[in-house]
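Structure, as structure tokens:
The values are calculated or read from the model by the stated rules, or taken from the named source; none is laboratory data. Here the structure is a predicted model, which means the values were calculated and not measured. When we count neighbours, we look across all protein chains shown, and the Cβ atoms used for this are built from the backbone with ideal geometry, even at glycine. Heavy atoms of the whole protein, side chains included, go into the accessibility calculation; ligands, DNA and RNA do not. Shrake-Rupley method; radii C 1.70, N 1.55, O 1.52, S 1.80 Å.
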Amino acid sequence: MYHFIAKILKEDNFLSLAGNLIIAVFGLGSFALIARDLDPIYFAQWVLFVSGGALVEMLRFGVTNNGLVRFLSGASKKESAELIGSNVFISFVTTLIIVALLIGFKFLFKDSINNSGYVLFFSWYPILAFVNLPWNNALVVMQAKMNYGKILVIKSINSGLFFLFLVLNYIVFKLSVIELVWTLIIINLFTSTLCVIKNWDGLKFIKKANKATNKTLLNFGKYSTFTLIGTNLLRNADILIISISPLGSAAVALFSIPLKLTELQQIPLRSFAATAFPKMSKASLEGNIKKVQSLFHSYSGALTYLFLFISIITFIFAEFFVVLISGYQYLDPATTSFNIVTLVRILSVYGLLLPIDRMTGIGLDSINKPNINALKVIVMLGANIIGDLIAVYIFNSLELVAVSTLVFTSIGIVLGWYFLNKECKITSIEIYKSGNRFYNGLWLQTKVLLQQFKV
């Protein structure tokens, strides 16, 4: 029994899931504490600060991350050092350019920005961008090496410390939103310093960067960057469009709550995707298309069944989850004319569509078709933006914003399936069978464990 449990604890999928679970639990807890502690106008500023930062970080790290994971999986020791060095160099230059642009915009449009919900983002994200660079580099290096234990450590330190501080702040300090941003920066600095000291971020290899490896990552990254930016915009376009619409800051605060709940649905998705991508990439580099197919079917099947269960729970207990995150203030009809429970239930259906959409994208990247995956995401993003604009400017409806999410995800599934199926044959029936085999195997392992407990 001891060996069986130890094997599970060391398994890649478990460690990846644990890392993302920690991020989600601490992230959800932090979100809930901030939502309760700040007035809606300052809470909206915090949401836009986080959303804007997430978008920019997709741009910064999207240039190299997927390329590093793909090419490092089959690289020699010398090639690994060169690729990691190029990753550090390119991410630093990208950060420098982005920060310069943000400072320039802040200087040129100072009054407009200071009077908008984006004042925190333009004022403080340029500092955070440099501070969190080393630990974000460490995460991608560890993912490429499939060292999920260290990923777990990094995420636990960064998210855990901020959550613990927010607990103290809620009980004792009662700091302003700007002071919370300062605290976030300090904690990120601590995490990055640790990663540099431990040589996890790859900074020592920056001298190994060369034109060849820079070109390798950039050629792949020019497509994967668009994919990651588009993916992030798909998550945050709703908030961004609502923030500039007549619905105002209150609607931003309201809609961010069901969006946070969808992040809970995506915990296992991010975890399994983090392990699936390097495995499928390695199989592709080895020319083993049948293994790519098998991995796609297995991961898609397991995730689809799991998300069916998660979506049902979220749909039934929608009101409970709203209260858990934000209290009762957003359920009060006097506070808002929008039904937040309905929003949660619409987005719970969205969870059913996520596994196949994500896995087709991973499949395309793993077989070195990032250009097609980028096209898929761009089409989805266009559909989402059009749907959101119609929803907020013509119908003044947050519910229709949520419905547009279902529409663009369905479009993405159709496109992703079509293009991936052209390269390596995939079937819906095999997804169903693979899902059954996965959970049958899990059940048999559980029975063995229960029998050992009886002994």
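Points worth noting:
- Prolate/oblate/rounded label for the stretch 306-385 (Cα gyration tensor, a/c 1.5): prolate
- Once divided by 2.2 N^0.38 Å, the Cα radius of gyration of the stretch 244-339 becomes 1.55.
- Taking 0.36 nm per residue of sequence separation and removing the Cα-Cα distance, the ILE289/GLU319 pair yields an extension gain of 6.3 nm.
- Prolate/oblate/rounded label for the stretch 53-200 (Cα gyration tensor, a/c 1.5): oblate
- Sulfur and carbon atoms: percent of accessible area, the chain [1.4 Å]: 69 percent
- Taking the convex hull of Cα positions in the stretch 232-291, its mean projected area over all directions (nm²): 5.4 nm²
- Cβ-defined net charge surrounding LEU295, 11 Å radius [Lys, Arg +1; Asp, Glu -1]: +4
- Of the residues TRP443, TRP417, MET380, the one whose Cα sits farthest towards the positive end of the charge dipole of the stretch 345-455 is TRP443 (charges of +1 on Lys and Arg Cβ, -1 on Asp and Glu Cβ, taken about the Cα centre).
- Charge dipole (the stretch 54-190, unit charges on Cβ, about Cα centre) - positive-most of SER116, GLN143, ALA75: ALA75
- Using a probe of 1.4 angstrom and keeping all protein chains present, the accessible surface of the chain works out to 46 square angstrom per residue.
- Top positive-direction residue, dipole computed over the chain with Cβ charges, set GLY29, PHE92, PHE277: PHE277
- For the stretch 313-455, Kirkwood radius (reciprocal of mean inverse C-alpha pair distance, Å): 18.3 Å
- Among the GluC sites (Glu not before Pro) in the stretch 230-326, those located in a DSSP loop and surrounded by at most 14 other Cβ atoms within 10 Å of their own Cβ are GLU286.
- Cα-based shape type of the chain, given that a ≥ b ≥ c are square roots of the gyration tensor eigenvalues and the cut on a/c is 1.5: rounded
- The stretch 158-220: projected area of the alpha-carbon convex hull, averaged over directions, in nm²: 6.4 nm²
- Sorting the Cα pairs of the stretch 344-414 by distance into bins of 5 Å, from 0 upward, gives 3, 18, 24, 21, 16, 10, 6, 2, 0 percent per bin.
- Size of electric dipole in the chain: Cβ of Lys, Arg +1 and of Asp, Glu -1, about Cα centre, debye, nearest 20: 1880 debye
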